[in-house]
Each structure stands twice: as C-alpha cells, then as structure tokens.
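Some notes on the structure that comes next.
The values are calculated or read from the model by the stated rules, or taken from the named source; none is laboratory data. Bear in mind that the values here come from a model prediction, so they are computed numbers and not experimental data. Here the Cβ is made from the backbone with ideal geometry for all residues, glycine too, and neighbour counts use every protein chain on show.
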Amino acid sequence: MSDIIFRPALPEDCPLILSFIKALAEYEKLSDQVVATEELLKEWIFEKGKAEVIFPVVEGEEVGFALFFHNFSTFLGRAGIYLEDLFIKPEYRGKGYGKATLQQLGHIALERRCGRLEWACLDWNRPSIDFYLSLGAKPMDEWTVYRLAGDSLRGLENK
C-alpha cells in the first residue's frame with residue numbers, strides 16, 4: 001500500500017490522540033469511561049514514556065492511531081508489544097489501513113526483537129475478530145483478563 005505512511009506522535013499531538021480515544025470509546029459504547037485528558041496523555045506518553053503512538057497518514061491526514069507499549073514474557077525471556085488501541089476512522093475502513101497499521105506494529109516488534117504482538121478485543125466485535133483471524137492471530141481462549149481499578153485498586157492494600 002503505497003499511499004500510506006506512518007509517523008510517531010509528538011507531544012503536540014495530544015489533542016489528536018484524545019480525539020481518536022474518544023472516537024474509539026464511542027464505537028465501543030464506552031464513552032462514559034473516558035477520563036483521559038490532553039495533560040494526562042502528555043504526562044504518561046511523552047514525559048514518562050509509558051506508551052507510544054503511531055499514526056497511519058494518508059494524503060497528509062491522520063486516518064487512525066495505534067497506542068502500544070512493551071510488556072514482558074518470562075517464558076520467552078524478552079519483551080513483547082501490547083497494542084492497547086487501534087482505531088481507523090470509519091470512512092477509511094475496508095481499504096487496508098488497519099492491516100497496514102498492524103503490519104507496521106509487527107515490523108516494529110521484529111525490529112526490536114520482541115517475542116510477540118498481542119491485544120484484546122471485545123467479544124461482540126465480530127468484524128474486528130474476523131479481521132484478526134484473517135491475519136493469523138489466535139485467540140487466547142484459556143485465559144481470562146482480570147483487572148483492579150478505582151476503588152478496588154485503592155482497597156487492595158487493605159485486603
């Protein structure tokens with residue numbers, strides 16, 4: 001796909017990153033859970049370096065984003081890349097930009113000698129599941145994600 005380039009996000013892209021996060025949350029019917037702000041994104045992505053963002057760019061327009069960070073596999077003895085969010089604007093879907101973005105992330109993972117690239121997908125999101133399966137991704141059926149957040153996380157020390 002020759003009409004797409006990728007660029008890393010810069011601190012001044014925080015408004016754009018937040019707009020993509022809000023668009024993804026709307027698509028996932030989770031808008032009420034977004035508490036991120038431009039200031040938080042700047043602090044955690046750029047100042048603390050806890051995540052990275054790339055934009056697929058077509059004809060000078062950012063058509064989506066991918067936010068990712070490194071995790072670590074003790075079994076593989078090396079880092080991996082965890083894709084937290086991948087979003088392509090609706091009017092650009094079905095044109096190969098999501099696939100190209102995953103391919104770019106795969107390239108980054110291989111370049112960094114990572115052992116894997118992984119992500120989660122909502123169970124109801126059949127179009128995305130079918131897309132991921134078509135790329136050779138395998139669901140981790142024997143694993144359940146657990147989470148402590150908010151009051152549960154704060155109360156953990158008292159358990």
Going through segment 104-159 in order, the residues found to be at pLDDT 90 or above and basic (Lys, Arg) are Arg112, Arg113, Arg116, Arg126, Lys138
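Return the residues of segment 50-61 that are of a type outside the set (A, V, I, L, M) and either in contact with a helix residue (DSSP H, G or I) (Cβ under 6 Å, 6 or more places away or on another chain) or on the phi > 0 side of the Ramachandran plot (or both); say none if nothing qualifies.
Just the residues of segment 50-61 that are of a type outside the set (A, V, I, L, M), to begin with: 50, 52, 55-56, 59-61.
Selection gives Lys50, Pro56, Glu59, Gly60.
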The correct count of residues that are part of a helix (DSSP H, G or I), under 16 Å from the mean Cα position of the chain (by Cα) and of a type in the set (Gly, Ala, Ser) in segment 4-38 is 3
Here the qualifying pairs (Cβ atoms under 8 Å; residues six or more apart or on different chains; first in segment 19-41 and at pLDDT 95 or above; second assigned to a helix (DSSP H, G or I) and basic (Lys, Arg)) come out as Ser31/Lys22; Val34/Lys22
In segment 108-126, anything surrounded by 12 or more Cβ atoms within 10 Å (Cβ to Cβ) and not hydrophobic (A, V, I, L, M, F, W, C) is listed as Arg112, Gly115, Arg116, Glu118, Asn125
Counting only residues that are of a type in the set (Phe, Trp, Tyr), surrounded by 10 or more Cβ atoms within 10 Å (Cβ to Cβ) and closer than 30 Å to Gly77 by Cβ, segment 127-159 contains a total of 1
Requiring at least 1 residues that are within 24 Å of Pro11 (Cβ to Cβ), the strands (runs of 3 or more DSSP E) wholly within segment 51-159 are 52-58, 64-73, 78-88
Does segment 69-90 contain any residue that is touching a residue at least 60 places away in the same chain (Cβ under 8 Å), among the aromatic types (Phe, Trp, Tyr) and within 25 Å of Ser134 (Cα to Cα)? yes
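On the basis of being buried (at least 17 other Cβ atoms within 10 Å of the Cβ), of a type in the set (Ser, Thr, Tyr) and either at pLDDT below 90 or under 19 Å from Val53 (Cβ atoms) (or both), does Thr101 make the cut? Explain how you work it out, then say what you get.
Numbers: buried (at least 17 other Cβ atoms within 10 Å of the Cβ): yes; of a type in the set (Ser, Thr, Tyr): yes; either at pLDDT below 90 or under 19 Å from Val53 (Cβ atoms) (or both): yes.
Taking the combined requirement at face value, the residue satisfies it.
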